[in-house]
Amino acid sequence: MGDRTTVWIEVLASARPSVEEAFCQQADDDLEGELPGTVRLAFNDVDGGGFDLLCELARSGIVFRGSHDDGIEYPGMTFAAHDGTFAETRSWQGELVVEIDPTTCEPRASDLAAARHWRQIDDQVIASFTRCGH
């Protein structure tokens, strides 16, 4: 058993069966999503933060957004997928994290690029959920 954590994922309610199939289990918890027509599913004890599962789910065309907690071997992440593109950025308890160089006090370019890419994809997810959820 590897480094495990909880993965939260928001999808259109109609995509729930596909997501549960990808995770090979029913969600451990579910809540109404932030946007109409969506559900927020929790999967506990997911190995490695579910990175491989999430990438495969994105490639399958499922539109989603969510986050996972820190593991022992990896940081928490906030992620989104739209049109087969998966984007993730570091986060801690839902807040985005961009590392700062202690010498220059400049943000780490790769962290900033990841946050910007995630924002772009998450905006597309929100637009898609808004169109489909009404």
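One table, with the values for the structure above:
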{"item": "Single residue of Glu95, Glu88, Glu106 found to be of a type in the set (D, E, K, R) and either surrounded by 12 or more Cβ atoms within 10 Å (Cβ to Cβ) or within 14 Å of Thr6 (Cα to Cα) (or both)", "result": "Glu88"}
{"item": "Of all residues making up segment 73-127, the number that are more than 23 Å from Ala58 (Cα to Cα) and not in a loop (DSSP other than H, G, I, E, B)", "result": "3"}
{"item": "Identity of the residue in segment 15-29, free of Cβ contacts under 8 Å to residues at least 24 places away in the same chain and more than 24 Å from Trp92 (Cβ to Cβ), that ends up surrounded by the most Cβ atoms within 10 Å (Cβ to Cβ)", "result": "Glu20"}
{"item": "Filter result for the condition that a residue is under 14 Å from Trp8 (Cα atoms), in contact with a helix residue (DSSP H, G or I) (Cβ under 9 Å, 6 or more places away or on another chain), without any contact (Cβ under 8 Å) to a residue 40 or more places away in the chain and not charged (D, E, K, R), over Phe51, Phe43, Phe64, Phe86", "result": "Phe43"}
{"item": "Selection status of Phe79, among the aromatic types (Phe, Trp, Tyr) and touching a Gly at 6+ places or on another chain (Cβ under 7 Å)", "result": "yes"}
{"item": "Among residues of segment 1-12, those that are within 19 Å of Asp123 (Cα to Cα) and surrounded by fewer than 16 Cβ atoms within 10 Å (Cβ to Cβ), counted", "result": "0"}
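None of the figures in this text is laboratory data; all of them are computed from the coordinates on show. Here the structure is a predicted model, which means the values were calculated and not measured. Methodologically, a virtual Cβ is constructed for each residue, glycine included, from the backbone with ideal geometry; neighbour enumeration extends over all protein chains shown.
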